[in-house]
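Accompanying notes for the structure given below.
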Amino acid sequence: MMMTTVQFPPSDLTNCLQSALAYAEKRCQQQHARLTPVRRQVLALILASAKPVGAYTLLEQLRQHKRADPPTIYRALDFLLEQGFIHRINSLNAFIGCICPEHPHSSSYFLICQYCNEVTELKSPELDTLIQVQIQPLQFAAYKQMIEVIGCCHKCQPLSLINE
Ligand SMILES: [Zn+2]
Ligand SMILES: [Zn+2]
């Protein structure tokens with residue numbers, strides 16, 4: 001099975017952050033969606049973070065610049081999720097930037113390292129098809145497919161051996 005792997009965050013984060021934000025602005029403009037300053041700031045904080053980041057951490061970071069309350073953060077997160085700029089990692093209760101927001105997708109597969117919490121997003125059309133084939137006879141209408149694979153990343157593998 002072919003898997004397309006793209007590491008997040010990429011090494012050239014600053015360039016990448018700028019172009020990701022520029023892209024988000026452009027697409028919101030085209031779709032008449034409002035990327036308010038708060039939404040933009042929350043997106044920038046998520047994209048700048050090397051690891052998935054939780055709502056309360058975002059709130060703390062945002063409060064260093066302006067007054068913000070939890071509903072503000074949650075509304076911003078809902079907007080960014082809806083636009084496909086970010087993903088929610090359920091097992092970590094945290095958010096990461098999407099590796100390719102240019103192609104909004106309803107399916108994502110995440111590799112989550114339980115030692116360092118690093119998350120890698122994968123795309124697999126093959127896996128999408130496989131799931132479609134499985135659910136079709138059940139007449140189940142799928143809206144989203146999020147699979148979280150918990151394990152140990154290659155960088156933490158020596159560490160995990162010491163702990164055993
Ligand atoms: Zn994605
Ligand atoms: Zn790791």
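For region 86-125, give me the residue count where each residue is aromatic (Phe, Trp, Tyr), buried (at least 19 other Cβ atoms within 10 Å of the Cβ) and at pLDDT below 95. Full working, then the answer.
Step one: list which residues in region 86-125 are aromatic (Phe, Trp, Tyr), which gives 95, 109-110, 115.
Within this subset, residues satisfying the condition of being buried (at least 19 other Cβ atoms within 10 Å of the Cβ) are 95, 110.
Right, trim to at pLDDT below 95 and you get none.
Going through region 86-125 one residue at a time, the tally reaches 0.
Looking only at region 112-164, filter to residues that are of a type in the set (Asp, Glu) and within 16 Å of ligand 1 (Cβ to nearest atom); which one of those is nearest to the chain's Cα centre (by Cα)? Lay out the reasoning, then the answer.
Keep residues of region 112-164 that are of a type in the set (Asp, Glu), which gives 118, 121, 126, 128, 148, 164.
Checking which are within 16 Å of ligand 1 (Cβ to nearest atom) leaves us with 118, 121, 128, 148.
On the way: Glu118: 11, Glu121: 8, Asp128: 18, Glu148: 12 Å.
Going through the qualifying residues, I end up with Glu121.
Would you mind finding the one in Leu127, Leu122, Leu58, Leu62 that is in contact with a Phe, Trp or Tyr (Cβ under 6 Å, 6 or more places away or on another chain) and hydrophobic (A, V, I, L, M, F, W, C)? Walk me through how you get there before you give the answer.
On the way: Leu127 fails: in contact with a Phe, Trp or Tyr (Cβ under 6 Å, 6 or more places away or on another chain); Leu58 fails: in contact with a Phe, Trp or Tyr (Cβ under 6 Å, 6 or more places away or on another chain); Leu62 fails: in contact with a Phe, Trp or Tyr (Cβ under 6 Å, 6 or more places away or on another chain).
Selected residue: Leu122, the only one of Leu127, Leu122, Leu58, Leu62 that is in contact with a Phe, Trp or Tyr (Cβ under 6 Å, 6 or more places away or on another chain) and hydrophobic (A, V, I, L, M, F, W, C).
Take the residues in region 8-42 that are at pLDDT below 80 and exposed (fewer than 11 other Cβ atoms within 10 Å of the Cβ), then tell me which one is nearest to His65 (Cα to Cα).
Among those that are at pLDDT below 80 and exposed (fewer than 11 other Cβ atoms within 10 Å of the Cβ), it is Thr14.
Taking region 132-154 as the search range and keeping residues that are aliphatic (A, V, I, L, M) and within 24 Å of Ile86 (Cα to Cα), which one is farthest from ligand 2 (Cβ to nearest atom)?
As a first pass, look at region 132-154 and keep what is aliphatic (A, V, I, L, M): 133, 135, 138, 141-142, 146-147, 149-150.
Right, trim to within 24 Å of Ile86 (Cα to Cα) and you get 141-142, 146-147, 149-150.
Values: Ala141: 36, Ala142: 30, Met146: 20, Ile147: 18, Val149: 13, Ile150: 11 Å.
My answer is Ala141.
Restricting to region 94-124, name every residue that is away from ligand 2 (no atom under 15 Å from the Cβ) and farther than 26 Å from Cys28 by Cβ.
Tyr109, Leu122, Ser124
From the list His87, His105, His65, His32, pick out the single residue that is in contact with a Cys (Cβ under 9 Å, 6 or more places away or on another chain) and without any contact (Cβ under 8 Å) to a residue 40 or more places away in the chain.
Values: His87 fails: without any contact (Cβ under 8 Å) to a residue 40 or more places away in the chain; His65 fails: in contact with a Cys (Cβ under 9 Å, 6 or more places away or on another chain); His32 fails: in contact with a Cys (Cβ under 9 Å, 6 or more places away or on another chain).
His105 is the lone residue from the list that is in contact with a Cys (Cβ under 9 Å, 6 or more places away or on another chain) and without any contact (Cβ under 8 Å) to a residue 40 or more places away in the chain.
The values are calculated or read from the model by the stated rules, or taken from the named source; none is laboratory data. Please read these numbers as outputs of a predicted model, since none were measured by experiment. Every residue, glycine among them, receives a Cβ derived from its backbone with ideal geometry; neighbour counts consider all protein chains shown.
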